[in-house]
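Reading through the structure tokens given below for one structure.
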Amino acid sequence: MNTNDLLFVPLGGAGEIGMNMSLYGYDGHWLMIDMGIGFGDETTPGIDVMTPDPAFILNQIDRLSGLVVTHAHEDHLGAVPYLWDKIRCPIYATPFACGLLRRKLEDSSLLNELDLIEVPVAGGIDIGPFAVDFIPAAHSVPEANILAIRTDAGTIIHATDWKIDPKPLIGRVTDEGALRRLGDDGVLALVCDSTNVFVDAEAGSEAALRKSLIELIGNCSGRVAVASFASNVARVATINKAAVETGRHPTLVGRSLWRSVEIARECGYLRDAEPFLAEQEIGFIPPERVLMAVTGSQGEPRSALSRIASGSHPNVSLEAGDTVIFSSREIPGNELAIGRMQNQLTRLGVEVITEHDGFVHVSGHPGRKELMKMYDWIRPKILVPIHGELRHLQEQRRLGEKCQISMTQIAENGTMIALSKDGVEVVENVAIGRLAIDGRRLVPIDGNVIRERNRIRFNGAAVATVVMDSKGNLLGYPQLSIQGVLDEEVESYIWDHVVNEVEEAVKRLKPSERRNDDAVGEAARLAVRRTLRESTGKRPVTDVHVVRV
């Protein structure tokens, strides 16, 4: 590897959906594309949010020229508040994404330090040896961008999160002309979204969806709530239009929705929309006149819809005769949370409508037909699939080969590849990882904190306290605290048995060992573990405190 190589290495978002973070290297400089988050699951107790570990670039941070944010989705910019203090490089984004970043950081001391450079829609910027053009693309958020990254070694098209929609309603259509011109000039490599590669049809148009949602809402009788991503401003505009068309009042429930609407208006969108009512006013409106846009389509536990479903929302409730429309897709990994919430709504007598029941959602990602159009427009020499699980990447590779792209390369997270007119090759595998947002700190997802938390979660925990004098004599019965293993009210006999075994284990030690805290602690720990394993089949995480008096 040398400085004349044009390098690509994903640190997140390749081999998975979410946590997008990629690096391009050339002439001794690195350019980062996106800095996104992912979400915790049953394997990460107490963790809601995760980020890629940027350790690879932190070890050479003086070579990082900047961060380009492609668009305002959490899996592309959500990690900036957590990681920017580590990288402290300039950030380049179009106005809507800049507005969202400012809101995210407005309560943080970082806002005044953030080097945030606003790039006009369809604009461009030179960043070190990289000339970056922002090419407008239709997606499910305003101002999504396909990036043309020009270097002396060739042009890369970084096309994450896009589709072809002739009527996106908010924002611009995907700029076919600009992409064709790039193809005419010569494109070395296309680094491309794989999310919907298994879908034969095109993603679909927001304009067609608007017509369907208005018709569906018009047939509902009670309150109607439409759950979607807060950043999907076109969907929010559709909900507003549907309220007007069906004689309902448009309302917003969820702080992130209000934030998105505010930013959209600052950027010139939603100017013709009817004013949204605050959630505090919903209770004073007849049910048949209420149409709510709500957050929580993915079952997020603290979201507006989750609180409504559980009956804990302070201002909004739903009942029999009301309807909730899930105008979104299920993100892989969220199925259980979404299912639990939908069951809660069903128990309330609420009708739940999803994309399995009707035309209530269009994707923001390209299907196979759109991918083939992109290949035809830019005619890349090399195809590198990203933004998908491994099966998605492999399928796009097969599709590219069928479409006569001469070279294709899968690069999962941590795989560094060199791109040139002569071909593509893997040159290195760099260290990757995940950082968990644990309260006010970042911890490695595979570190001791999460590992111990999982052990306690599955096996429980026990703490024994042994009080002795300096000669090694026990001063009273050992004290025992056990969590997640025994029901003290009905299994107290096991509790007593464990205490007795600890006492006997200490007494069996030699006099010299009883004067040694480490020996006493280990004997007590083994007694607790052995006795609980024999009695319950569990091996709790065990700690022993030896107190000398």
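The values are calculated or read from the model by the stated rules, or taken from the named source; none is laboratory data. Quantities reported herein were computed from a predicted structural model and do not represent experimental measurements. Ideal geometry is used to build each Cβ from the backbone, glycine not excepted, and the neighbour counts take in all protein chains shown. Only protein heavy atoms, including side chains, enter the accessible area calculation; ligands, DNA and RNA are left aside. Shrake-Rupley method; radii C 1.70, N 1.55, O 1.52, S 1.80 Å.
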Checklist entry - Say the cut-off is 31 Å between C-alpha atoms; which of Lys211/Lys369; Lys104/Lys373; Lys167/Lys402; Lys104/Lys163 go over it? => result Lys104/Lys373
Checklist entry - What is the distance, in nm, between label points placed 7 Å from the Cα along the Cα-to-Cβ direction at Ser420 and at Val244? => result 5.8 nm
Item to check | Total formal charge among the other residues, if their Cβ is under 12 angstrom from that of Gly15, Lys/Arg +1 and Asp/Glu -1 | outcome: -2
Item to check | Exposure rank, largest accessible area first [Glu513, Glu143; 1.4 Å] | outcome: Glu513, Glu143
Item to check | the range 389-404-the range 422-469 distance, computed between alpha-carbon centres (Å) | outcome: 34 Å
Item to check | Solvent exposure of the chain as accessible area per residue, Å², 1.4 Å probe | outcome: 43 Å²
Checklist entry - How far, in nm, would the chain grow between Lys538 and Gln404 when pulled straight, counting 0.36 nm per residue and subtracting the alpha carbon separation? => result 42.5 nm
Next on the checklist: Amide H of Thr295 versus every other amide H placed in the peptide plane: which residues, excluding those fewer than 5 positions away on the same chain, fall under 5 Å?
Outcome noted: Val253, Ala304, Leu305
Checklist entry - So what is the calculated 222 nm ellipticity per residue for the chain, using -39500 (n - 2.57) for each DSSP H run with n of 4 or more, over all residues, to the nearest 500 deg cm²/dmol? => result -9500 deg cm²/dmol
Item to check | Alpha carbon centroid spacing (whole Å) that separates the range 262-306 from the range 492-531 | outcome: 61 Å
Checklist entry - Any idea what the dipole of the range 268-342 comes to, in debye rounded to 20, about its Cα centre with Lys/Arg Cβ at +1 and Asp/Glu Cβ at -1? => result 220 debye
Checklist entry - What FRET efficiency do you get for Leu58 and Arg455 if R0 is 25 Å and r is their Cβ-Cβ distance, rounded to the nearest 0.05? => result 0.30
Checklist outcome for this item: For the chain, the accessible surface attributable to carbon and sulfur atoms (probe 1.4 angstrom, ligands and nucleic acids excluded) amounts in percent to 46 percent
Next on the checklist: Taking amide H atoms as placed 1.01 Å from N in the peptide plane, list the residues 5 or more away in sequence, or in a different chain, whose amide H sits under 5 Å from that of Leu116.
Outcome noted: Ile91
Checklist entry - Name the residues of the range 502-517 whose amide N is less than 11 Å from a point 7 angstrom out from the Cα of Leu474 along the C-beta direction? => result 502-509
Checklist entry - Which distance in nm do the two modelled labels at Asp487 and Leu110 give, with both placed 7 Å along the Cα-to-Cβ direction? => result 4.6 nm
Checklist outcome for this item: Long-range amide H partners of Leu6, meaning residues 5 or more apart or on another chain whose placed amide H is closer than 5 Å, are Leu419
Next on the checklist: Contact order normalised by length for the range 407-468, with contacts defined as Cα pairs under 8 Å and 6 or more residues apart; what percent is it?
Outcome noted: 18 percent
Item to check | Extension gain, Arg103 back to Arg181 (0.36 nm per residue minus Cα-Cα distance, nm) | outcome: 24.5 nm
